[in-house]
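*Asks:* Pasting in a structure now, in structure tokens, and then I'll have a few things to ask.
All of the numbers you see were taken from the coordinates with simple rules; none came from a lab. Bear in mind that the values here come from a model prediction, so they are computed numbers and not experimental data. Cβ: placed from backbone, ideal geometry, glycine included. Neighbour counts: every protein chain shown.
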Amino acid sequence: MKDRVENVLSPDRTDAMATKFANVLGSASFFYYMSAPASALTNLTGLYVFGMPVLNGEFGGKANLALAKNMNIFKAVGTTDKDGKFTFPTLLSKLTGHRRDAYMEALRRGKIDTTLTYDTLQLSRTPSEQYDGGSTTTKIMNAMGYLFHHSEKLNREVMFMTAYDLAYDRATKDGRVVKTAQ
């Protein structure tokens, strides 16, 4: 049993062909299950299934209204940027002041745009706004994970900003002084 545990925790890496084969199968399975448009759409239900119970538990019923306000972004699905290029909707374009600062700090910490999809695709070290694609293989992998990554990123944006807005409102109502950058 000890040998089995050791092999699972620290597998023998001398068989490079077997390791490559296992990596290819793992990536293929990931793409098959996670890159379909239906998976990306299903991912958006996470706002309600996972996020709302937490927000409601912490902030009460007003969390529903705050989430609805931030979800207004969904009407912008399929938009184009100033250059006419297709872009996924983002809250960032609507944020100003302390809300924008909070978003940028969360982005800097990797809380918004570092998703499992991009980790798996090994793209997580580059912000999605700066990613150029690289090799043909990388471009194909990026395209396959595009919808799932961006739906997850949108989930994180909406949930983060909703929690931030509610916590900010609570803090100001409790009389805490708002610090501004000098």
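*Asks:* Between Tyr48 and Ala68, with labels modelled 7 Å along Cα→Cβ, what's the label distance in nm to one decimal, could you check?
*Replies:* Label-label distance for Tyr48 and Ala68, simple model: 1.3 nm.
*Asks:* How far apart, in nm, are the 7 Å Cα→Cβ label points at Thr19 and Asp101?
*Replies:* A separation of 4.7 nm, rounded to one decimal place.
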